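Novice: Below: one structure in structure tokens.
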Amino acid sequence: MKSAFSIFALVTIISLPVQAHHLQPVPEAGLWRSENRILNGYNDPHRVTGDLQPAELTNADYQALMNSAVIKTVPEVTMECMSVAQAAGLGRLDSMQRIIQRKLPDCQFDLKQTDRSTLRILGRCDNSQGATGELHGLVQIISTREIHASFMVEDRLRPAGGLPLKPNANRQRHEIHRWTSSDCGLAPAHERITF
């Protein structure tokens, strides 16, 4: 009995790192509708997050930011056909790293799986013509048919002459992806997932 328990404990410990590199649940293949919203400008992060620093934002904080973006902006909507192999790739961290890197080419970041269905993104973006600053984000696989992603690049602007700091300038990107059908119809199938 003791040896059976020891073997079970050893197998469990050995399998933990493997399981930690996959998000669950794995999204379904088929036709997906993506809503992308981008907010630019100055923002007082304390309105939404209180005294929290961006690295301390919780899932609820990101949901509040997303809800705010939904109210303030009209989404860019795209339809995309996702194959079974592409859907399975959304559960792998290495695949998610590549997808997010394509979305944020001027950013260096690390992914950390915070639970079975959530990734936290922390890093820095350097773009002379776009967003420059600290990157914070969250990707959540809500269900096999819904994925949410929020990214925020935040930088304190320091004016010349030693004047006080201006409010944080930030650029937020919020995405909601929903499965609509197993039949892609005429929607284009891409070699790489664009969302």
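The values are calculated or read from the model by the stated rules, or taken from the named source; none is laboratory data. Since we're looking at a predicted model, the values are computed, not measured. Glycine also receives a Cβ, built like all others from the backbone with ideal geometry; neighbour counts cover every protein chain displayed.
Novice: Is it true that some residue in the stretch 67-76 is at pLDDT 90 or above and out of contact with any His (no Cβ under 9 Å at 6 or more places or on another chain)?
Specialist: Yes, there is a match, as at least one residue in the stretch 67-76 is at pLDDT 90 or above and out of contact with any His (no Cβ under 9 Å at 6 or more places or on another chain).
Novice: Determine which member of the set 17, 105, 25, 54 is surrounded by 15 or more Cβ atoms within 10 Å (Cβ to Cβ) and either within 17 Å of the chain's Cα centre (by Cα) or at pLDDT below 70 (or both).
Specialist: The conditions single out 54.
Novice: With the condition being at pLDDT below 85, I'd like the strands (runs of 3 or more DSSP E) fully within the stretch 112-195 carrying at least 2 qualifying residues.
Specialist: Once the strands (runs of 3 or more DSSP E) in the stretch 112-195 are filtered for at least 2 residues that are at pLDDT below 85, what remains is 146-155, 169-181.
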